[in-house]
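Participant: Questions regarding the structure given below will be posed in turn.
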């Protein structure tokens, strides 16, 4: 039987025709592992594996297989583009299996990409592992309005990425109209051994690479080990687009205007005391106690009803939480991990309660947040945190491992983040000097990506409502992770905003429309992010300006901006190099756009992310920022979210021609 398998492998590999469009090799990578010998068991296993991939991939478009025993075991994976026929899929995989041993002779690991298929093998297990190593192709021909083009591309690719994950096939296509006669077409695909979150992360990373190097280009392609992403202005896939995406409305930022701080209004004069004063009837003195006692009785009755309702809701929440077995930790396990919640393991304390470092029996380091019995937060905040973090997975969000509810104890278990929170670094004179500009910019961009995931790319749309330096944790590589979702708010369906009667958060970071009117939208987080950018650049907290003539960091920044001395805002410990000043001033400009008075004057986080990652993209000039609630007065006016329309012009260009191919290891 075994010799027959070998014979079949040779027949399939060397005798079958490969008359397919995909004979053109896009790119290949060799792992450069230890070479296998000609005629060895590994080579035999590899040829039989290739036969299996050829025979099985066309059935579903994706196939993983393993053959042999260690040390000659070989793992293989093949993927065909979701819009091609079964026969074209077989032809492409056949061509790949013939060419790959010649491209990477005797290598124990290699991958080759064609236009419509991918083939990979290795002596190391790689199934279900996210791998964004790959290569990119672009076209130097730019659209006449790169910003408009890039907005449309990212909007479309984000939409079809979510559609690919939701479909379960990890494949989707789309189209967005730029003008009456011009469109952009897009395609995304992931290997089907990834989770939905892994697929989104792979596609988002690929898009960020294209955004950085192919800004405004009429063609972009990135093929990674785990996914592929492509867009261009000519239709390149065979089927009709799965999604027709509406072109995003471009934000028209208002022109520069310098608004003076609101002047304090004079207190009303007291009425003059004299002969004109009227006498209060005696009956009023009898009526007031009666009215007050009735009002107090009604208020007491309402409070009792609300407490009963809240208790019923909390009991329901407890039962729901206990039903999520995979998230539950035993109290004894956490007690042992934290050495009985020793003060030596205490990392800090917040509104929820103390946080302890711990280590599980398997060596996993954890952070345990323990609800204080006198906490000004409570079960509803704990449930909020569990609800959101259990559903959200992103490298720039803190990871929740589980929860414990035993013996009247309520605890949350997170990944342990070694560098603690951002405020402990940037607001400390010694620690701040250790953060160079590249690291600070990395932190800013990472927070932006985390917010983009919350506002747009996750399955549920979340407004954090308490974004501040203390809620940004930094891992050992200074990657930022947004934490503390106790106050987060869900925006359901297509709603862009909601109202709340309970305004919670941190003064100095609150957007005016939220602080005054309780209006919740994603622009609330954008405002907080603007304040955070300024704190990272200046190394000073917003609250440090209390009692000064400026009153707050926003006014201080605006004074320097209008005086042409923005470089004086930059933390002196960063140095005074021209390139650094240029990048920092650009970030200050973006931050000022984020802290505009009304929501419609602020960019959304998608636009902010583009401005942060596109050095060639023009950043609009800012208007005067809002005056921070609690420090300066705020003009109490109505706020609403609206998008400004923009006209689009047609553009003509030559046919696409691929001119750049570049490997891009990550």
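The values are calculated or read from the model by the stated rules, or taken from the named source; none is laboratory data. If you're wondering where the values come from, they're calculated on a predicted model, not measured in any experiment. Here the Cβ positions follow ideal geometry from the backbone for every residue, glycine too, while neighbour counts run over all protein chains shown.
Participant: Filter the range 484-525 down to the residues that are under 21 Å from residue 395 (Cβ atoms) and modelled with pLDDT of 90 or more, then identify the one that is surrounded by the most Cβ atoms within 10 Å (Cβ to Cβ).
Facilitator: Residue satisfying both the conditions and the ranking: 525.
Participant: Out of all the residues in the range 593-614, which are within 22 Å of residue 453 (Cα to Cα) and either outside any helix (DSSP H, G or I) or in contact with a strand residue (DSSP E or B) (Cβ under 7 Å, 6 or more places away or on another chain) (or both)?
Facilitator: Result: 595, 599, 602, 603, 604, 614.
Participant: Let me ask something additional. Tell me the residue from 152, 164 that is part of a helix (DSSP H, G or I), free of Cβ contacts under 8 Å to residues at least 40 places away in the same chain and crowded, with 23+ Cβ neighbours inside 10 Å, please.
Facilitator: Among 152, 164, only 164 is part of a helix (DSSP H, G or I), free of Cβ contacts under 8 Å to residues at least 40 places away in the same chain and crowded, with 23+ Cβ neighbours inside 10 Å.
Participant: Could you please find all residues in the range 576-587 being surrounded by fewer than 21 Cβ atoms within 10 Å (Cβ to Cβ) and either touching a residue at least 40 places away in the same chain (Cβ under 8 Å) or not assigned by TED's automatic domain parsing to the domain that holds residue 445 (or both)?
Facilitator: Passing the criteria: 580, 583.
Participant: While we're here: Go through the range 417-433 residue by residue and tally those that are surrounded by fewer than 19 Cβ atoms within 10 Å (Cβ to Cβ) and in contact with a strand residue (DSSP E or B) (Cβ under 9 Å, 6 or more places away or on another chain).
Facilitator: Residues flagged as surrounded by fewer than 19 Cβ atoms within 10 Å (Cβ to Cβ) and in contact with a strand residue (DSSP E or B) (Cβ under 9 Å, 6 or more places away or on another chain) within the range 417-433 amount to 5.
Participant: Then there is this: Evaluate the following for residue 382: is it buried (at least 22 other Cβ atoms within 10 Å of the Cβ), touching a strand residue (DSSP E or B) at 6+ places or on another chain (Cβ under 6 Å) and either in contact (Cβ under 8 Å) with a residue 12 or more places away in the chain or over 21 Å from residue 588 (Cα atoms) (or both)?
Facilitator: The answer is yes for residue 382.
Participant: Of all residues in the range 521-577, which are closer than 18 Å to residue 468 by Cα and in contact with a strand residue (DSSP E or B) (Cβ under 7 Å, 6 or more places away or on another chain)?
Facilitator: Of everything in the range 521-577, those that are closer than 18 Å to residue 468 by Cα and in contact with a strand residue (DSSP E or B) (Cβ under 7 Å, 6 or more places away or on another chain) turn out to be 521, 522, 524, 525, 552, 554.
Participant: Could I ask something else about it? Output the number of the condition that residue 75 fails; it satisfies all remaining conditions of (1) within 21 Å of residue 228 (Cα to Cα); (2) in contact (Cβ under 8 Å) with a residue 60 or more places away in the chain.
Facilitator: Residue 75 satisfies every listed condition except (2).
Participant: Then there's this: For the range 175-195, enumerate the residues that are in contact with a strand residue (DSSP E or B) (Cβ under 9 Å, 6 or more places away or on another chain), surrounded by fewer than 24 Cβ atoms within 10 Å (Cβ to Cβ) and touching a residue at least 60 places away in the same chain (Cβ under 8 Å).
Facilitator: 175, 177, 178, 192, 193, 194
Matching residues to (1) modelled with pLDDT of 90 or more; (2) in a strand (DSSP E or B); (3) in the same structural domain as residue 64 (by TED's automatic domain parsing):
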{"residue": "98", "(1), (2), (3)": "yes, no, yes"}
{"residue": "106", "(1), (2), (3)": "yes, no, yes"}
{"residue": "129", "(1), (2), (3)": "yes, no, no"}
{"residue": "174", "(1), (2), (3)": "yes, yes, no"}
{"residue": "179", "(1), (2), (3)": "no, no, no"}
{"residue": "189", "(1), (2), (3)": "yes, yes, no"}
{"residue": "201", "(1), (2), (3)": "no, no, no"}
